Amino acid sequence: MQYFDVFPRWPIEPVRAQGCKIYDKEGNEYLDFYGGHAVISIGHSHPTYVARLTEQLNKIGFYSNSVLISLQDEYAEKLGKASGYPGYSVFMVNSGAEANENALKLAAFYNRRKKMVAFEHAFHGRTAAAVRVTDISKYWTTNVMDLETIFLPWNDIDAVRNTLKNKDISSVIIEGIQGIGGIIVPDPKFLQELRQICDETDTVLIVDEIQSGYGRSGKFFAHQYAGIQPDIITIAKGMGNGFPVSGMLISPRFTAVHGQLGTTFGGNHLACAAAIAVLDVMEEENLVENAARVGEYLIRELKKLPGIKEVRGHGLMIGVEMETPIKPLRDKLLFEQKVFTGATGTHVFRLLPPLSLTKELVDEFLQRFKISMARG
Ligand SMILES: Cc1ncc(COP(=O)(O)O)c(C=O)c1O
């Protein structure tokens, strides 16, 4: 049997990783400014994380949600404190798309409405409802087209007001910062007014913090720059530092009803151990503050370089829009300078390094970036 070939891949095979560094089969060392799609939060193979998962695996790795799993309560308490949402509940599932799928469902259980609103250039995942609120039509399949979705222009509050006024929209879903769309930060005033209109029309506001959350933006959640509180917040990626785990933070306005949501793997012992270890390390090493500080430095220094049209983002979620297509430069960075970066579209680098990044590694990155540009 062979693997179903649906992704383009680099001809590089990492076999070991530590902190912000990756090592391939040939022994080459790479700087990781991509974090494997923004997943690596506390750094690769962090000793606390490895110890916690190993210890858990030696006790009990999995049992289903038919029994008590007090690790879920421990995680919930820590997450409430770390995120600034102690009054919310958490429900754990396994991937970003699944978290959004459940959020859209919970909204519809709540207000019994059908239609969903999302924004132009949004990406929310690849399961049925999540892909239907993703503004990339080539991902849509015939069997999701009956899910009614309206895409609105970014930051256009009049369009929101007009669309929600009939009170027939179940939920509005928006990324804390658009990731795959190009690292686009929403206007705080837009988010504040969106929150208000959702309240007035009893529409559920879902903020997808799967990429922008968990400290990446320099605050625990990117929407906290606008001072709003969504009804549901979805999380994944950095939450498990590579262990497949995701979830929703759910406002107290929702009543938990047995049977409405379910999962076999969600919230299992190992997943909880991973998620707890991540929060412990984030707290011990002040990684949210580190992301803010080091990210600010990286953004400031990038802005000084030639050939760059715009640098966008917050913390360590950074979009670098170049004046020319980035492929030659990205290839040079990867194959000659040994730096992993992300991309979106043809002109934008997406930098999503581990939150434990240091100023020294930023300098190293900038040096390699400049060499690659000079050789371009
Ligand atoms: C904002 C956002 N939402 C949802 C997803 C989907 O997550 P997953 O691939 O874990 O299903 C992603 C993945 O890139 C994302 O960036």
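The values are calculated or read from the model by the stated rules, or taken from the named source; none is laboratory data. None of the values given here were measured: they were computed from a predicted structure. Positions of Cβ are generated from backbone atoms using ideal geometry, with glycine treated the same way; all protein chains shown enter the neighbour counts.
Please tell me if V311 is outside any strand (DSSP E or B), surrounded by fewer than 22 Cβ atoms within 10 Å (Cβ to Cβ) and either touching a His at 6+ places or on another chain (Cβ under 7 Å) or aliphatic (A, V, I, L, M) (or both).
no
Of everything in the stretch 218-227, what is touching an Asp or Glu at 6+ places or on another chain (Cβ under 6 Å) and more than 16 Å from the ligand (Cβ to nearest atom)? Give them in sequence order.
Hits for the stretch 218-227: nothing passes.
List, please: which pairs have Cβ atoms under 8 Å, are six or more places apart or on different chains, and start with a residue in the stretch 258-271 that is on the phi < 0 side of the Ramachandran plot and touching a residue at least 60 places away in the same chain (Cβ under 8 Å) and end with one that is polar (S, T, N, Q) and in a helix (DSSP H, G or I)?
L261/N102; H269/Q56; L270/Q56
Residues are listed down the side, and each one gets a yes or a no for (1) closer than 26 Å to F369 by Cα; (2) under 26 Å from the mean Cα position of the chain (by Cα):
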position	(1), (2)
Q18	yes, yes
Y23	yes, yes
G36	yes, yes
G61	no, yes
L68	no, no
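Quick check on my filter: what residues within the stretch 108-155 are β-branched (V, I, T) and either in contact (Cβ under 8 Å) with a residue 12 or more places away in the chain or in contact with a Ser or Thr (Cβ under 9 Å, 6 or more places away or on another chain) (or both)?
V117, T127, V131, V133, T134, I136, V144, T149, I150
Filter the stretch 228-251 for residues that are farther than 17 Å from Y88 by Cβ and either more than 16 Å from the ligand (Cβ to nearest atom) or in contact with a helix residue (DSSP H, G or I) (Cβ under 6 Å, 6 or more places away or on another chain) (or both) and give the result.
Passing the criteria: K237, G240, N241, F243, V245.
Look through the stretch 252-294, keep the residues that are out of contact with any helix residue (DSSP H, G or I) (no Cβ under 8 Å at 6 or more places or on another chain) and closer than 12 Å to I42 by Cβ, and return whichever of them is surrounded by the most Cβ atoms within 10 Å (Cβ to Cβ).
Filtering the stretch 252-294 for residues that are out of contact with any helix residue (DSSP H, G or I) (no Cβ under 8 Å at 6 or more places or on another chain) and closer than 12 Å to I42 by Cβ, the one surrounded by the most Cβ atoms within 10 Å (Cβ to Cβ) comes out as A291.
Kindly provide the set of residues from the stretch 118-154 that are more than 13 Å from the ligand (Cβ to nearest atom) and under 18 Å from I184 (Cβ atoms), ordered by number.
E120, F151, L152, P153, W154
Hey, does the stretch 156-164 have a residue that's within 15 Å of the ligand (Cβ to nearest atom) and either farther than 30 Å from S45 by Cβ or at pLDDT below 95 (or both)?
no
Given the structure, is V6 surrounded by 13 or more Cβ atoms within 10 Å (Cβ to Cβ) and within 16 Å of the ligand (Cβ to nearest atom)?
When the stated conditions are applied, V6 does not pass them.
Among (1) of a type outside the set (A, V, I, L, M); (2) closer than 24 Å to S246 by Cβ; (3) within 20 Å of the chain's Cα centre (by Cα), there is one condition F109 misses while meeting the rest; what is its number?
F109 satisfies all of (1) of a type outside the set (A, V, I, L, M); (2) closer than 24 Å to S246 by Cβ; (3) within 20 Å of the chain's Cα centre (by Cα) except (3).
For F109, which of the numbered conditions (1) among the aromatic types (F, W, Y); (2) more than 10 Å from the ligand (Cβ to nearest atom); (3) in a loop (DSSP other than H, G, I, E, B) fails to hold?
Among (1) among the aromatic types (F, W, Y); (2) more than 10 Å from the ligand (Cβ to nearest atom); (3) in a loop (DSSP other than H, G, I, E, B), F109 violates only (3).
Among the residues of the stretch 48-72, count how many are under 12 Å from C272 (Cβ atoms) and surrounded by 11 or more Cβ atoms within 10 Å (Cβ to Cβ).
11
Go through (1) surrounded by fewer than 22 Cβ atoms within 10 Å (Cβ to Cβ); (2) assigned by TED's automatic domain parsing to the domain that holds G242; (3) hydrophobic (A, V, I, L, M, F, W, C) one by one and return the number of the condition L31 breaks.
Just one mismatch for L31, condition (2).
Return the residue satisfying two criteria in turn: it lies in the stretch 175-211 and is crowded, with 24+ Cβ neighbours inside 10 Å and under 14 Å from R312 (Cα atoms), and of such residues it is farthest from the ligand (Cβ to nearest atom).
Only one residue tops the list, namely I183.
Can you tell me which residue is farthest from G315 (Cα to Cα) among those in the stretch 1-50 that are part of a loop (DSSP other than H, G, I, E, B) and touching an Asp or Glu at 6+ places or on another chain (Cβ under 8 Å)?
Here the answer is K25.
Quick check on my filter: what residues within the stretch 75-105 are touching a residue at least 12 places away in the same chain (Cβ under 8 Å), in a helix (DSSP H, G or I) and more than 16 Å from the ligand (Cβ to nearest atom)?
Within the stretch 75-105, Y75, A76, K78, L79, A82, S83 qualify.
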